[in-house]
Each structure stands twice: as structure tokens, then as C-alpha cells.
1. Given the structure, is B:GLY101 part of a helix (DSSP H, G or I) and either basic (Lys, Arg) or in contact with a helix residue (DSSP H, G or I) (Cβ under 6 Å, 6 or more places away or on another chain) (or both)?
2. Does B:VAL250 meet the test of being within 21 Å of B:PHE100 (Cα to Cα), part of a helix (DSSP H, G or I) and not aromatic (Phe, Trp, Tyr)?
3. Out of everything in the stretch B:42-67 that is hydroxyl-bearing (Ser, Thr, Tyr) and more than 16 Å from the chain's Cα centre (by Cα), what residue ends up being nearest to B:ALA103 (Cα to Cα)?
4. Among the residues of the stretch A:82-135, which ones are of a type in the set (Phe, Trp, Tyr) and within 12 Å of chain B (Cβ to nearest Cβ)?
5. Within the stretch B:17-34, is there a residue that is within 13 Å of the chain's Cα centre (by Cα), among the β-branched types (Val, Ile, Thr) and buried (at least 22 other Cβ atoms within 10 Å of the Cβ)?
6. Kindly indicate which of B:LEU200, B:LEU196 is assigned to a helix (DSSP H, G or I), surrounded by fewer than 24 Cβ atoms within 10 Å (Cβ to Cβ), within 20 Å of the chain's Cα centre (by Cα) and in contact (Cβ under 8 Å) with a residue 40 or more places away in the chain.
7. Return only the number of the condition from (1) of a type in the set (Ser, Thr, Tyr); (2) more than 13 Å from every other protein chain (Cβ to nearest Cβ); (3) over 30 Å from A:ARG23 (Cβ atoms) that A:THR147 does not satisfy.
8. Test B:GLY205 against the criterion of being in contact with a Phe, Trp or Tyr (Cβ under 6 Å, 6 or more places away or on another chain) and away from every other protein chain (no Cβ under 14 Å), and give yes or no.
Amino acid sequence: MPDTAIAEAPAKVATGGNILQIRNLEAWYGESHILHGINFDVNAGEVVTLLGRNGAGKTTTLKSIMGIIGKRTGSVKFNNQEIIRATSDKIARMGIAFCPEERGIFSSLDVRENLMLPPVVREGGLPLDQIFDLFPNLKERLNSQGTKLSGGEQQMLAIARILRTGASFLMLDEPTEGLAPVIIQQIGHTIARLKKEGFTILLVEQNFRFASTVADRYYVVEHGKIIDGFANADLAANMDKLHTYLGV
Amino acid sequence: MQALYAQLLVGLINGSFYALLSLGLAVIFGMLNIINFAHGALYMMGAFVAYFLLSLGGINYWWALLIAPVIVGIFGMILERTMLQWLTGLDHLYGLLLTFGIALIVQGVFQNYFGSSGLPYAIPDQLKGGMNLGFMFLPIYRGWVVVFSLVVCLATWFLIEKTQLGAYLRAATENPTLVRAFGINVPRMITLTYGLGVGLAALAGVLSAPINQVRPLMGADLIIVVFAVVVIGGMGSIMGSIITGFALGVIEGLTKYFYPEASNTVVFVLMVLVLLVKPTGLTGRAA
């Protein structure tokens, strides 16, 4: 499917108004041209998953939206506001939160400090008691050094700290990477609950079996372009294609 | 015995200046990753600003303690915005060379106008005189310098280690890109941090003015020892800088009593030993 067709196609599973609109997004790491014209939309209240092989450009897409990549061109509109030239702190203050693949837990901060680090950018963030309800382990480890937590706990902390901020649009980069199945299940429940609470989520995943439990729609990224997109309801029909795309 | 106590006091006073200056250097290195060779010149500027405030404006020592760090801190922030910020991501050597050049220019300008001899700065009336402690005579001003420096050092440590602002600073030292993506204006925070570090140097300069007189090269004489203090304490370590600053001042003072010939080199001998045993410094962490 050509990029423009995806860009112009209405969302197949629309649960709300268009919150993110990306057109012809290109990005570079130094001299390396990584994204070659990404086009897709995300609607309010839905979970959209970017699938693709390693190095396809999924993480770069999230970083480009967040404004933490050296050079980017094209158009990224959030709530109809152009943010392609905005700095990452301004983008965060507009209500976009990013949970990086490497989790970004700070070793010089304890769990409480890590949790309280991102400032509240707007009303509507989850209060601490709700966060501890979602992630009870964190409450018991508040005084531990952030990087002394297990991988699963660090992932929970990385998600928990952006829920406080009031951001309504969450970008989660491979939240299940390297985690035990029971923790993956817990993160799946958390994402489902966040969706129920009205958060819009853009997820990057290689594990489409996990993604299928939470996603409304998928886009497939390859060589820095969106090459396909379909709704979760059409997943079974697209399974063969998906195996080819992902090489699994 | 009186001589030993007197040298201990001198050591504590020198240690106060080492601690304040190395603390500023540690804050700047931690946040900006710049080895700020201009620190000595900015310390000297603090003393000169206090001198100008008194001689030109009649503004006394107590106000100078507040105003001089603010003025020199603003000067530092202008340096950071116009020059140092462009060094982000480059090798440490560039920052070292640039700040060394700034130090030479600042010192050269002051030397051109004021020569090399010291300008007098009187001890404020409230801190004149001394107290007989029984075992030694304590000049009040010197006691004030030690206590005030300790309070400022601990307040800075508290700010960085125990407050939300400090958490931002520590986090931005580790991963400024992610901290900025949380909505925090990291470039502005870096500028303010440089201003804070420079302000601490200027504060040390004001404290030093009544003891050491106001001289264009007063910072150049001190800065090499202060760098040795920072290396021994561990680059970027806040508490390490404070403890090492005071401890080395005392060790230097004791050396002056027991073996005066080694008093100018003892800090550097210790630096070599620490680098051989623990290259990251006594409280520093490996990068």
C-alpha cells in the first residue's frame, strides 16, 4: 500500500477525533537518512501499534514526534497544532509523554524521585494512589535506587512516571522487551486499563501477539516508511502478510 | 601548641575556600561536563565587585555577600549562553581551552587597570576583633568564614541532593535529552547551574577579600590547588568536593606545622596517590 493511500485513508477504527496527524515525516541521525516520508494518523482514545523489524524506523518515528532527533522535516500535528519545529520540552507540555525503549531510569535518583521527576504539564494525571494501584511493587520500593529494580519493575516505573503528568497521549517504545511473560501480561492489563481511562497510546512493538491484546490498529514500518495498515479486527486476515513483513 | 592550633585554623579557612570553589566546579562539571578553568578569575571578580561596591557605591560587606555573587553569576550566565553552550557534545579539551582563555582575558583586563598588588578591603565592624578560646586566639572574621562557608556548602548539597530542583539537575546530568522530553527546559537549567557555580566562586571571593586583599591574580594562585581538590574528591561529586575541600585545607595546615617544606606540595602528592589507587576520586563514580 503506498504511503499516500494510508495517509489519506480514514482511520478504520476511529474511537474519537484525530489527535495526531503525521505527513511526510523524514528524519536523520547525522548523515543517515532514517525516515523517508512517514504518514499516519492516531485518533483520540485508541491504541495504535507500529510494527516492524529491527531498524525499520519505529523508534525513530516516536523520537521524531517527541522532537528528540537531530533533524526532521514534514508535518507532525498534535491536536491540530504543528509541532515539527517545537522543542521536546514544549511538546511534552502540550500533553505528549514518551517512555523510551531503554526505560531511562535515573541511577542517581531513588524510585520516589524517578516517579516524581516529570513535572505535571496539565490537569488529569493519575494520582499516586491510582498509580500504586496499577503498580503495587513500586510502593514497596520507593526508597530503592531506581536502577536497582528488576527489569519489569523498571518498566513499570518508566510507565508510571508519565501517568502522573496529565499527558493524554502516551508513546511507549517496546514496553515488553526482555520481560518475563507474567510481567508482559501485567503491562498488557495496564495498557488496557489506561485505554479505558481515556488515554491515547502509540505503541511500538515487535511482539505482535502482545500487541494484538491491546491494539485497535496497526501500521507496519519498513525502511523508514509505512508500508501497510489495518485494524485489529482484520488481524487474522492479514496474518500471512504480517509474518512476511516481520520475518517470523 | 598555639602554633599548631593557629595552623589548623588557617587550614580550615583555606579549606573553606577550597570547598566553596571545588563545589562550584563540581556542580558545573556535573551538569555541563565542562572543566571550568575560568573559575579562579570569577572568584577574583567576586572580590573586585565587593571592592567596587564599597569604594564606589558605599555598599557594605553584608550586601556585597548577596550582590557580588548575583552580578558575577549573571556574567557567568552570559558566558554560558554566548560561548560555552556551543561546546555541548565536544571533547572536554575544548571547554578547558575556552575557559582557560576566558580566565587569561579577565585576569589580563583587571591586571591592566589595577596592577598586581592588592587593594585593601576592611573587615566589617561586626566581625572585627577576636576571642580567646583558652587554647588559642580566634579572630572572629576567620571563624565566620569557616562557619558561613560550611553553611553555604551544606545548603548547596541539600539543594542538589534533597530537592525536586536537585533531582532535575541530577537527572539532567545523566540523560539531558530524556529530562527535556519530560517538559523541563534543560538549556535554561544548564545556564542557571553555571550561574550558581560561578556565584559560589564569587561568594568565596567576597569572603576572601578582607583576608587576602583584592588582587587580579588571587584566583590564579588558588585554582590549581582547587582542581587538585576536585580530582581527589571525585569530579562531579558534591559531598566529595565539600569534605575533600575542608580535609585538604586541614592537611595542608598540619603539614605547615609538622613539615613546612612540603606544605605547598602535599595536596598534589595526595592527588597522585588517589589517582593511582582510585582514578575516579575518593567519592567519584566511574563514567
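1. Numbers: part of a helix (DSSP H, G or I): yes; either basic (Lys, Arg) or in contact with a helix residue (DSSP H, G or I) (Cβ under 6 Å, 6 or more places away or on another chain) (or both): no.
No; evaluated as a whole, the condition is false for this residue.
2. Working: within 21 Å of B:PHE100 (Cα to Cα): no; part of a helix (DSSP H, G or I): yes; not aromatic (Phe, Trp, Tyr): yes.
Answer is no for this residue.
3. First, the residues of the stretch B:42-67 that are hydroxyl-bearing (Ser, Thr, Tyr): B:43, B:51, B:55, B:61.
Filter once more, keeping what is more than 16 Å from the chain's Cα centre (by Cα): B:51, B:55, B:61.
On the way: B:TYR51: 19, B:SER55: 24, B:TYR61: 25 Å.
Restricting to residues being hydroxyl-bearing (Ser, Thr, Tyr) and more than 16 Å from the chain's Cα centre (by Cα), the top hit is B:TYR51.
4. Kept after step one, since they are of a type in the set (Phe, Trp, Tyr), are these residues of the stretch A:82-135: A:98, A:106, A:132, A:135.
A:PHE98, A:PHE106, listed by residue number.
5. Of the stretch B:17-34, the ones within 13 Å of the chain's Cα centre (by Cα) are B:17-29.
Among the residues that remain, those that are also among the β-branched types (Val, Ile, Thr) are: B:27-28.
Remaining after also requiring buried (at least 22 other Cβ atoms within 10 Å of the Cβ): B:27-28.
The answer is yes, given that some residue of the stretch B:17-34 is within 13 Å of the chain's Cα centre (by Cα), among the β-branched types (Val, Ile, Thr) and buried (at least 22 other Cβ atoms within 10 Å of the Cβ).
6. On the way: B:LEU200 fails: surrounded by fewer than 24 Cβ atoms within 10 Å (Cβ to Cβ).
So the residue among B:LEU200, B:LEU196 that is assigned to a helix (DSSP H, G or I), surrounded by fewer than 24 Cβ atoms within 10 Å (Cβ to Cβ), within 20 Å of the chain's Cα centre (by Cα) and in contact (Cβ under 8 Å) with a residue 40 or more places away in the chain is B:LEU196.
7. Against the list (1) of a type in the set (Ser, Thr, Tyr); (2) more than 13 Å from every other protein chain (Cβ to nearest Cβ); (3) over 30 Å from A:ARG23 (Cβ atoms), A:THR147 comes up short only on (2).
8. Numbers: in contact with a Phe, Trp or Tyr (Cβ under 6 Å, 6 or more places away or on another chain): yes; away from every other protein chain (no Cβ under 14 Å): yes.
Considered against the rule, which asks whether it is in contact with a Phe, Trp or Tyr (Cβ under 6 Å, 6 or more places away or on another chain) and away from every other protein chain (no Cβ under 14 Å), B:GLY205 comes out as yes.
The values are calculated or read from the model by the stated rules, or taken from the named source; none is laboratory data. If you're wondering where the values come from, they're calculated on a predicted model, not measured in any experiment. Using ideal geometry, Cβ is built from the backbone for each residue, glycine included, and neighbour counts are taken over all protein chains shown.
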